[in-house]
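S.K.: To start, I am sharing the structure in question, which I have written as structure tokens.
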Amino acid sequence: MRQNLHFVAAVGLVTLVAQPLPAQRAGGVPAQAAAPDPVRTLVGRLDLESYKATIKGLTQFGDRRQGTDRNRAAIDWIEAQLRSYGCATERLHYTYEPAPRANRAAAASQTGQTGQAGQAGQAGPAGRAGQTAAGTVTPAQGAARGRTATGGGRNRGVRAPVGVNTDPDKQPDPVLRALNSQPTTPGPREEVYCTKVGVSRPDEMYIIGAHMDGHGWGEAANDNGSGTALVMELARILSGPDVQTERTIRFALWNNEETNTCGSRGYVTQRGPLQGKEDPPGSGRYPEPRWRGMIQHDMMLFDHGMPRPDGTVSREQPPEADVKIEFQANSKLAAQSQALAWVLEAANERYATHYPATVGSHMTNTDSERFQDLVAAISVRENERGTQIGSGWDQQWHQARDVYATYTDSDFRLGLNAAETTLAAVAQLTGVSVR
């Protein structure tokens with residue numbers, strides 16, 4: 001008997017069971033035509049030019065560095081776009097107060113190669129930024145980035161230099177250089193999210209996230225305009241008037257990722273305790289539904305292979321490029337996170353149009369870390385975060401040349417392929433239907 005892999009929601013995730021394909025009845029008599037697949041219908045609504053246009057729209061704000069007017073203007077623009085899709089928006093408010101430089105140096109010394117130390121009494125996932133008071137975050141105790149015991153320090157193949165460009169003169173475009181010239185200042189911060197409420201299980205929610213801030217004197221087109229645009233495109237499609245989901249979906253655009261994921265830390269601290277609480281009681285409304293999974297998107301475009309011995313990287317995206325799906329092997333919920341990763345891998349195999357997906361166990365240095373000990377959490381990206389991006393495989397990372405014009409359609413299509421992967425998986429996890 002021919003069989004078809006069919007997705008079934010179970011315990012907040014998805015398992016695969018074999019079912020007969022409906023093409024024929026017993027005796028070879030043709031069966032009635034199957035109903036249209038709602039997942040394939042929605043994936044078909046993704047469009048390369050729309051994805052590119054959303055990235056291009058984000059680049060008008062330069063690198064969107066946190067604590068600047070250009071960052072605040074980008075948040076306003078993102079929110080306006082989300083509202084235009086019919087997605088109900090909210091903002092989360094917190095205060096970012098960076099620790100004095102001497103304290104950051106001491107914290108880095110204490111963490112050594114592990115990056116595990118947290119704020120006193122407040123050690124969080126991977127020991128990143130601490131919480132000093134309600135709504136106030138500091139990054140000091142997570143200073144040892146990219147050299148963690150989670151795999152970020154392992155080298156494979158040729159390494160190229162990496163770092164954050166802080167030299168404005170490396171940006172040859174005078175208009176962009178001027179746009180990025182305002183320095184960051186500490187103080188109040190905001191980030192925006194919007195929500196698609198489930199029709200039968202509004203109390204259960206999947207979070208689809210990306211960080212919208214960047215730095216390096218470029219346009220932050222890939223890091224992380226590409227992930228932000230992906231989440232916005234999914235919000236556009238899933239907020240369509242003919243689309244229903246059984247479970248709730250939240251589309252979150254984090255701020256302050258480049259300061260040790262302080263924005264997502266603020267969300268976890270403020271919103272986590274509210275999970276599953278009906279407000280007002282008996283209303284059927286859940287301001288913070290119980291988390292069932294978190295999927296982060298961070299750098300989606302550039303998988304050009306390992307640097308050559310001279311440190312250069314191919315200008316063309318090779319056909320063997322793929323989407324990396326990562327969970328953290330030493331997190332408290334590693335098994336659940338791995339299961340979620342396999343859901344996305346299976347969705348990629350069934351619905352994605354160009355590039356395959358691979359699953360890895362070293363998720364690090366992105367906003368999903370804040371969730372990894374609380375709920376199944378994964379990240380989707382262009383390369384393995386620790387062993388490839390951290391080793392110079394993407395030479396636009398945090399550089400002035402991370403601008404829209406750097407990338408070709410093959411690069412943008414890799415990001416769109418990741419969008420197909422996440423959309424297909426989330427549509428199945430949340431029980432989508434198209435009227």
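S.K.: Restricted to segment 172-221, and to residues that are open to solvent by less than 10 Å² (accessible area, probe 1.4 Å) and in a loop (DSSP other than H, G, I, E, B), which residue is nearest to Gln81 (Cα to Cα)?
M.R.: Met212
S.K.: Going by the conditions given, is Asn330 in a loop (DSSP other than H, G, I, E, B) and either at pLDDT below 95 or under 16 Å from the mean Cα position of the chain (by Cα) (or both)?
M.R.: Values: in a loop (DSSP other than H, G, I, E, B): yes; either at pLDDT below 95 or under 16 Å from the mean Cα position of the chain (by Cα) (or both): no.
Criteria not met by Asn330.
S.K.: So which residues in segment 377-415 are open to solvent by less than 10 Å² (accessible area, probe 1.4 Å), hydrophobic (A, V, I, L, M, F, W, C) and part of a helix (DSSP H, G or I), if there are any at all?
M.R.: Selection gives Ile389, Phe412, Leu414.
S.K.: Between Gly130, Gly121, Gly151, which is farther than 21 Å from Gly386 by Cα, touching a Gly at 6+ places or on another chain (Cβ under 8 Å) and either of a type in the set (D, E, K, R) or modelled with pLDDT under 95 (or both)? Spell out the reasoning first.
M.R.: On the way: Gly121 fails: touching a Gly at 6+ places or on another chain (Cβ under 8 Å); Gly151 fails: farther than 21 Å from Gly386 by Cα.
None of the others qualify; the one that does is Gly130.
S.K.: Sticking with this structure for a sec: For segment 311-327, name all the residues that are over 16 Å from the mean Cα position of the chain (by Cα) and under 16 Å from Trp291 (Cβ atoms).
M.R.: The answer is none; no residue qualifies.
S.K.: In addition: If only one of Arg308, Arg285, Arg236 is under 22 Å from the mean Cα position of the chain (by Cα) and in contact (Cβ under 8 Å) with a residue 12 or more places away in the chain, which one is it?
M.R.: Working: Arg308 fails: under 22 Å from the mean Cα position of the chain (by Cα); Arg285 fails: under 22 Å from the mean Cα position of the chain (by Cα).
Just one listed residue meets the conditions, Arg236.
S.K.: Report the residue count in segment 407-435 for those that are of a type in the set (Ser, Thr, Tyr) and in contact with a helix residue (DSSP H, G or I) (Cβ under 7 Å, 6 or more places away or on another chain). Outline the logic, then answer.
M.R.: Going residue by residue through segment 407-435, those that are of a type in the set (Ser, Thr, Tyr) are 407-408, 410, 421-422, 430, 433.
Of the ones still in play, those that are also in contact with a helix residue (DSSP H, G or I) (Cβ under 7 Å, 6 or more places away or on another chain) are 407, 421-422, 433.
Residues in segment 407-435 being of a type in the set (Ser, Thr, Tyr) and in contact with a helix residue (DSSP H, G or I) (Cβ under 7 Å, 6 or more places away or on another chain): 4 in total.
S.K.: Out of (1) part of a loop (DSSP other than H, G, I, E, B); (2) surrounded by 20 or more Cβ atoms within 10 Å (Cβ to Cβ); (3) of a type outside the set (Lys, Arg), what's the single condition that is false for Gly86?
M.R.: Here Gly86 clears every test but (2).
S.K.: Considering every residue within segment 48-68, establish whether at least one is buried (at least 22 other Cβ atoms within 10 Å of the Cβ) and acidic (Asp, Glu).
M.R.: Checking segment 48-68: at least one residue is buried (at least 22 other Cβ atoms within 10 Å of the Cβ) and acidic (Asp, Glu).
S.K.: Kindly evaluate Glu326 against the criterion of being touching a residue at least 60 places away in the same chain (Cβ under 8 Å), open to solvent by less than 40 Å² (accessible area, probe 1.4 Å) and farther than 19 Å from Ala427 by Cα. Full working, then the answer.
M.R.: Numbers: touching a residue at least 60 places away in the same chain (Cβ under 8 Å): no; open to solvent by less than 40 Å² (accessible area, probe 1.4 Å): yes; farther than 19 Å from Ala427 by Cα: yes.
Criteria not met by Glu326.
S.K.: Please verify whether Glu345 is within 25 Å of Arg315 (Cα to Cα) and either open to solvent by 10 Å² or more (accessible area, probe 1.4 Å) or part of a helix (DSSP H, G or I) (or both), treating the condition exactly as stated. I'd like the intermediate steps shown before the answer.
M.R.: Working: within 25 Å of Arg315 (Cα to Cα): no; either open to solvent by 10 Å² or more (accessible area, probe 1.4 Å) or part of a helix (DSSP H, G or I) (or both): yes.
No: the conditions fail for Glu345.
S.K.: Only one of (1) at pLDDT 95 or above; (2) within 26 Å of Ile249 (Cβ to Cβ); (3) out of contact with any Cys (no Cβ under 7 Å at 6 or more places or on another chain) fails for Ala10. Which number is that?
M.R.: It fails just one condition, (1).
The values are calculated or read from the model by the stated rules, or taken from the named source; none is laboratory data. Predicted model, so just to flag it, every value in this text is computed and none were measured. Every residue, glycine as well, gets a Cβ built from its backbone with ideal geometry; the counts of neighbours run over all protein chains shown. With ligands, DNA and RNA removed, areas are computed over all heavy atoms of the protein, side chains included. Shrake-Rupley method; radii C 1.70, N 1.55, O 1.52, S 1.80 Å.
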